[in-house]
Amino acid sequence: MIKVLVAGFKGRMGNTTTKMVIQNTDFELTGVYDPNATEKNINEILEFKNMDIPVYTKTSEINTENTDVWIDFTSPSSVYENAKFALMNKISPVIGTTGLTSEQVDNLKKIAIEKTTGGLIAPNFGISAVLLMQFAQHAAKYLPDVEIIEMHHDNKLDAPSGTALNTAKMIAEVRKQKIQGNPEEKESLLGARGADYEGMRIHSVRLPGYVAHEQVLFGGKGEALTIRQDSFDRISFMSGVEVAVKKIGAYNELLIGLENLL
Ligand SMILES: NC(=O)C1=CN([C@@H]2O[C@H](COP(=O)(O)OP(=O)(O)OC[C@H]3O[C@@H](n4cnc5c(N)ncnc54)[C@H](OP(=O)(O)O)[C@@H]3O)[C@@H](O)[C@H]2O)C=CC1
Ligand SMILES: O=C(O)C1=N[C@H](C(=O)O)C[C@H](O)C1
């Protein structure tokens, strides 16, 4: 049995993940973590009333010996300290939370090596998003003019999304530095052309009713290609999280991207 802790268990992703861990017979939920939680046990929450799982509100309370994997769906401001705590205690972090800086990722990679502990940071656990990023990288070799549009629910804290940023990074790996659009263009309304990642424009849409969606638009001479993925439900991320929890114990470094485990 793989012993799992879920950080951010009361959030949108944390709640779905907690249920997935409980239902998976290869996993044992040994704790949940949220510094703002008022509960002492998860059974104080109606939908988990038959469970007996400690709620931790301080990392010092966590039984690290009883935890193999730390699943993190928290917030951009807390994920670094959480991941660092997990690695320092030889717990494998499986990180879905977005917003880590490149410097933070590099530090976590170093700690993982020092502690010979595996971990994963996945900008997106949905297979449709993983494929979209790979297809987009392939297409960009032939169609280097690209714009990315990501669309999310209006409670999202970070923009652009981690997936959009990762898509842009993957495309930048295969195309030459390129400034798109008319070199003389001017925005009469600030932000009209979106964010700029190495000459690529990223547009972030936030609307109620949406979950997580991305389009990558390519333009060529007299032709265009659009690649799109949609997560209509947070269940779409769960098979990716399951794979990560099952496989990450076999590694002793920090991996970036679910594709490394598929
Ligand atoms: N990689 C992927 O496939 C996916 C990634 N995400 C990412 O996951 C993250 C969470 O998203 P979502 O579930 O929608 O967000 P929510 O705001 O619904 O949930 C976040 C939860 O984390 C809690 N929290 C805050 N700080 C801490 C902390 N230090 N330790 C533990 N828990 C904490 C929050 O509590 P409180 O409200 O009290 O602050 C809240 O309950 C985002 O970064 C999002 O981009 C989302 C979907 C898929
Ligand atoms: O906040 C979300 O919801 C999501 N966040 C991730 C991101 O920023 O890319 C993954 C997915 O898009 C859902």
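Values in this text are rule-based calculations from the coordinates and carry no lab data. None of these values were measured; they are calculated from a predicted model. Please note: Cβ atoms are built from the backbone with ideal geometry, for glycine as well, and neighbour counts cover all protein chains shown.
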Where the eigenvalues come from the Cα gyration tensor of segment 127-231, what are the semi-axes √(5λ) of the equivalent ellipsoid, largest first, in whole Å?
21, 18, 12
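Once every DSSP H run of n ≥ 4 in the chain is given -39500 (n - 2.57) and the sum is divided by its residues, what mean residue ellipticity at 222 nm do you get, rounded to the nearest 500 deg cm²/dmol?
Values: 6 runs with 72 residues, N = 262.
Result for the chain, helices only: -8500 deg cm²/dmol.
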Paired Rg and Dmax values of segment 7-60, which use every Cα atom, in angstrom
10.4, 29
Which whole-angstrom value gives the distance between the alpha carbon centres of segment 78-154 and segment 167-185?
21
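Classify segment 90-153 as rounded, prolate or oblate, taking a ≥ b ≥ c as the square roots of the eigenvalues of its Cα gyration tensor: rounded when a/c is under 1.5, otherwise prolate if a/b is larger than b/c and oblate if not.
Details: a/c = 2.37, a/b = 2.03, b/c = 1.17.
Since a/c reaches 1.5 and a/b is larger than b/c, the shape of segment 90-153 is classed as prolate.
Is segment 200-240 best put as rounded, prolate or oblate by its Cα gyration tensor, with a ≥ b ≥ c the root eigenvalues, rounded for a/c under 1.5, and otherwise prolate when a/b is larger than b/c, oblate when not? Please list the in-between numbers first.
Numbers: a/c = 3.09, a/b = 1.91, b/c = 1.62.
Taking the square roots of the gyration eigenvalues as a ≥ b ≥ c, segment 200-240 is prolate.
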Once you charge only the Cβ atoms, +1 for Lys and Arg and -1 for Asp and Glu, what is the size of the charge dipole of the chain about its Cα centre, to the nearest 20 debye?
260
Could you check the simple spin-label distance between Glu47 and Leu189, using points 7 Å along Cα→Cβ, in nm with one decimal?
3.8
Percent of Cα pairs exceeding the 24 Å cut-off, where the set is the chain:
50
Would you mind checking the pairs Lys58/Lys169; Lys176/Lys221; Lys84/Lys169; Lys58/Lys115 and listing those with alpha carbons more than 27 angstrom apart?
Lys58/Lys169
What would the Debye equation give as log₁₀ I(q)/I(0) for segment 1-149 at q = 0.09, 0.12 Å⁻¹, counting only Cα atoms as equal point scatterers?
-0.33, -0.55
Burial order of peptide ranges 150-163, 91-104 (average beta-carbon count within 10 Å, highest first):
91-104, 150-163
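Can you give the % of DSSP beta bridges in the chain that are antiparallel, to the nearest 5? Intermediate values should be presented prior to the final figure.
Working: 21 of 48 bridges.
Counting only bridges with both partners in the chain, antiparallel ones make up about 45 percent.
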